[in-house]
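Step one of this worksheet: look at the structure below.
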């Protein structure tokens with residue numbers, strides 16, 4: 001039987017961040033924090049569990065594939081079969097843009113995300129946020145801002161829907177409970193960022209926005225022309241927040257990964273000389289809460305106009321002293 005695991009400090013950290021958010025908003029828009037930290041458990045009777053660690057050569061890999069990755073993984077794994085080093089295989093898999101990471105044994109102690117120590121109340125009414133995030137961390141951040149009064153416009157093209165939309169509990173209508181809860185206070189804009197043109201709808205939204213939040217990979221942002229330089233040309237006063245798997249200072253800064261892959265890399269997922277599978281992607285809600293605090297700091301100019309929150313730094317906050 002699989003031993004699903006969660007870090008001991010998850011609820012302590014979540015409660016601390018939630019209290020800071022309530023202080024800055026002047027209102028507790030979240031309610032009980034356990035609900036947000038345990039959404040897969042709270043909203044679905046039998047949530048899909050992360051895949052257990054894959055033994056590979058001298059160690060283990062987290063192979064956290066999306067629905068479109070399986071054929072690519074099969075081709076890649078055949079080519080990499082003679083490579084017994086999980087670190088090497090994971091690095092090679094990233095060239096194929098596969099969310100594959102090695103299980104590491106030593107816990108990371110990274111500099112934490114910059115969430116600002118400001119305590120002034122932020123009025124979100126009249127603020128406009130463009131939400132280019134998917135899955136859990138980014139949508140949690142933007143949903144909090146929306147519930148606090150901001151106008152949040154989620155960019156979700158019909159051709160590339162949010163990965164949670166058809167997730168656990170969906171009946172085929174694209175209304176999975178977790179997706180609906182994380183996005184119920186937002187406007188949805190069917191805009192394909194691959195085909196944006198100057199003067200088009202996306203540019204008009206950016207021109208009138210206060211903040212853009214993206215969870216696209218750094219490479220995807222570059223390929224789509226969504227770099228800070230390009231966005232500042234449209235709106236010099238815009239604040240930009242990027243949510244990524246790994247910090248910009250890390251060797252894996254452009255790696256593709258989800259929360260379970262970050263868990264594997266963090267060292268938290270190693271106990272008694274074996275890898276442990278988490279019950280769910282716990283780095284996401286912590287990163288989402290930290291991203292919300294960073295966004296509030298940007299809006300009051302207490303945090304850099306262009307900032308980045310990473311899941312690996314969020315996970316580092318859960319390492320026990």
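Key figures
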quantity	calculated
Unmet criterion (only one of (1) in a loop (DSSP other than H, G, I, E, B); (2) touching a residue at least 24 places away in the same chain (Cβ under 8 Å); (3) not assigned by TED's automatic domain parsing to the domain that holds residue 238) for residue 123	(3)
Verdict on residue 197 being touching a residue at least 40 places away in the same chain (Cβ under 8 Å) and either under 19 Å from the mean Cα position of the chain (by Cα) or in the same structural domain as residue 43 (by TED's automatic domain parsing) (or both)	no
Odd one out for residue 69, checked against (1) buried (at least 17 other Cβ atoms within 10 Å of the Cβ); (2) in contact with a helix residue (DSSP H, G or I) (Cβ under 8 Å, 6 or more places away or on another chain)	(2)
Listing of helices (runs of 4 or more DSSP H) fully contained in the range 1-83 that carry 1 or more residues being in the same structural domain as residue 149 (by TED's automatic domain parsing)	10-25, 33-37, 39-43
Filter pass, residue 155 being buried (at least 21 other Cβ atoms within 10 Å of the Cβ) and in contact with a strand residue (DSSP E or B) (Cβ under 8 Å, 6 or more places away or on another chain)	yes
The listed residue being at pLDDT 95 or above and either in contact with a helix residue (DSSP H, G or I) (Cβ under 9 Å, 6 or more places away or on another chain) or not assigned by TED's automatic domain parsing to the domain that holds residue 117 (or both), out of 254, 312, 272	312
Within the range 172-191, tally of residues that are within 19 Å of the chain's Cα centre (by Cα), in contact (Cβ under 8 Å) with a residue 24 or more places away in the chain and in a loop (DSSP other than H, G, I, E, B)	3
Residue selected from the range 70-79 under the condition in contact with a strand residue (DSSP E or B) (Cβ under 9 Å, 6 or more places away or on another chain) and touching a residue at least 12 places away in the same chain (Cβ under 8 Å), by the criterion nearest to residue 164 (Cα to Cα)	73
Selected residue (only one of 314, 310, 281 is buried (at least 21 other Cβ atoms within 10 Å of the Cβ), in contact with a strand residue (DSSP E or B) (Cβ under 8 Å, 6 or more places away or on another chain) and under 26 Å from residue 101 (Cβ atoms))	310
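Yes/no matrix, rows are residues, columns are (1) more than 22 Å from residue 279 (Cβ to Cβ); (2) more than 19 Å from the chain's Cα centre (by Cα); (3) surrounded by 13 or more Cβ atoms within 10 Å (Cβ to Cβ):
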| site | (1), (2), (3) |
| --- | --- |
| 13 | no, no, yes |
| 22 | yes, yes, yes |
| 42 | no, yes, yes |
| 63 | no, no, yes |
| 82 | yes, yes, no |
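The values are calculated or read from the model by the stated rules, or taken from the named source; none is laboratory data. Note that the structure is predicted; figures quoted are calculated from it, not measured. Because the Cβ atoms are built from the backbone with ideal geometry, glycine has one as well, and the counts that use them run over all protein chains shown.
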